[in-house]
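In what follows, a single structure is set out as structure tokens and then discussed.
Coordinate-derived values only; no laboratory data. Note that the structure is a prediction, hence the values are computed from the model and not measured. We place every Cβ from the backbone using ideal geometry, glycine too, and count neighbours over all the protein chains shown.
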Amino acid sequence: MLQPAWRNWQTRRTQNPFPARECGFDPLRRQIFTVKLFQAAAEVFVPDGCPAAAALARITHLGIGAHQDDLEFMAFHGVAECFGKTKQWFCGVTCTDGAGSSRSGAYAGLGDAEMADLRREEQRAAAVAGNYGAMIQLGYASSKVRDRGDKRLREDLRGILEAMKPEVVYTHNLADKHPTHVAVARATIEALRSLPPEIRPQRVIGCEGWRDLDWLPDNEKVVMDVTGHEALAAKLSACFVSQIGGGKRYDLAVAGRRAAHATFSDPHSPDRAAQVIFGMDLTPLIKDAALDPGAYVDGMIERFRRAVRTSHG
């Protein structure tokens, strides 16, 4: 039975498996910035207690997701890449406040404010379990995230990106069917484009959420092998008991998706991995500001259509 891991995140914080990792960063490559965020409820949580400015400056892999638990499912490759490392650090950014989360069973009677508090604590628990370098929750209502005229989210993200200068950024993919996911992806692209070219990340990946990316042409897929990290994935999933215990078995679905990708990615060869995540390469959108994100994903869909049509002669 799933236990409410969120209840004891403060206790588990003292049991961080890597409490002695240094807070250091390379002063020749980074500067420390003070990040000012728009929402009063916004927070920066650092599981190992490192001062916030230094914690942000050490980040190499950044995940930007819409909701609590999006990062652990879609940006897990970044979490796994950094887990236990001394030179690589993962930071998560969750944009919404969690007030609109689904609720049932023991959580059915919670009001929006109570649900937001619970989801915030669940996300902190995941940051501890995943040994994140930092966890930022911006506290926006979903409606504000989807408002294309409200630029505060973009400005928050710009400030965060400036403070970190991450090497890799994970966000939602542009073909996701959840409108808030797509809004976060577009805000992330806008924020990245607003940065000076010399501090933009080396790679930007759109990740799977409410739609798989197995349809992408093989030469356009970003293939992320997370084999061997199944225990970590399960530990992170267990932090979100309000959703998983409330009737949405994301833990089983995500692990099943990754296993399916590993097997069905190649019809002619034995499996080379056990758990695989597919991503959409968004880096060209950062390098060329003239590219329209909608047209960019349209091109991918058109190439998929042509590939299917070609197989019929």
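In terms of modelled amide H atoms, which long-range or inter-chain residues lie less than 5 Å from the amide H of Ile205?
Residues meeting the amide H criterion: Val169, Tyr170, Thr171, Leu282.
Once phi is turned into ³J(HN,Hα) by the Karplus curve 6.51 cos²θ - 1.76 cosθ + 1.60 with θ = phi - 60°, what whole-Hz value does each residue of segment 175-192 show in order, with x for glycine and proline?
Each residue's phi maps through the Karplus curve to give 9, 4, 8, 8, x, 6, 4, 5, 4, 5, 4, 5, 5, 5, 4, 4, 5, 5 Hz.
Say we join alpha carbon atoms closer than 10 Å with springs in a Gaussian network model of the chain; which of Ser242, Ser101, Ser142 then has the biggest fluctuation?
Between Ser242, Ser101, Ser142, it is Ser101 that shows the largest mean-square fluctuation.
List the trypsin sites (Lys or Arg not before Pro) within segment 251-313 that fall in a DSSP loop (any state other than H, G, I, E or B) and whose Cβ has at most 15 other Cβ atoms within 10 Å. Kindly include the intermediate steps, with their values, before the conclusion.
On the way: sites: Arg257, Arg258, Arg272, Lys287, Arg303, Arg305, Arg306, Arg309; in loops: Arg272.
For trypsin sites (Lys or Arg not before Pro) across segment 251-313 that sit outside H, G, I, E and B with at most 15 neighbouring Cβ atoms in 10 Å, the list reads Arg272.
Taking 18 Å as the cut-off for C-alpha to C-alpha distance, list the pairs among Lys165/Lys287; Lys177/Lys287; Lys85/Lys287 that go past it.
Working: Lys165/Lys287 15 Å; Lys177/Lys287 25 Å; Lys85/Lys287 29 Å.
Correct reply: Lys177/Lys287; Lys85/Lys287.
May I ask you to evaluate 6.51 cos²θ - 1.76 cosθ + 1.60, the Karplus curve with θ = phi - 60°, for each residue of segment 79-88 and list the ³J(HN,Hα) values in order in whole Hz, giving x for glycine and proline?
Values, residue by residue: 4, 5, 4, 9, 4, x, 7, 9, 10, 10 Hz.
Which shape class, rounded, prolate or oblate, goes with segment 165-313 when its Cα gyration tensor gives a ≥ b ≥ c as root eigenvalues, a/c under 1.5 marks rounded, and past that a/b bigger than b/c marks prolate? Intermediate results must be reported in sequence, preceding the final value.
On the way: a/c = 1.68, a/b = 1.15, b/c = 1.46.
Oblate is the answer for segment 165-313, as a/c is 1.5 or above yet b/c matches or exceeds a/b.
Could you check which residue among Met300, Met135, Met164 shows the biggest mean-square fluctuation in a GNM of the chain with a 10 Å Cα cutoff?
Judging by the Gaussian network model, the answer is Met300.
Please say if segment 75-227 is rounded, prolate or oblate, where rounded means a/c under 1.5 for a ≥ b ≥ c the square roots of the C-alpha gyration tensor eigenvalues, and otherwise the choice is prolate for a/b larger than b/c and oblate otherwise?
Rounded shape, in that the Cα axes give a/c under 1.5.
Tell me, rounded to the nearest percent, the portion of alpha carbon pairs in the chain spaced more than 34 Å apart.
Tail of P(r) above 34 Å: 19 percent of Cα pairs.
Could you work out which residue, out of Asn219, Asn173, Asn131, moves most in a Gaussian network model of the chain, that is, has the largest mean-square fluctuation with Cα springs under 10 Å?
Asn219
Provide the FRET efficiency to the nearest 0.05 for the Thr263-Ile199 pair, computing r from the beta carbons and using R0 = 51 Å.
Working: r = 40 Å, r/R0 = 0.78.
After rounding, the FRET efficiency stands at 0.80.
Extension gain Arg148-Phe38, at 0.36 nm per residue separation less the Cα-Cα distance, in nm? Don't skip to the answer; put the middle values down first.
Details: separation 110, 0.36 × 110 = 39.60 nm, distance 1.63 nm.
The span from Arg148 to Phe38 would gain 38.0 nm if fully extended.
Of Ile277, Val35, Ala307, which is farthest along the charge dipole of the chain in the positive direction, counting Lys and Arg as +1 and Asp and Glu as -1 at C-beta?
Val35
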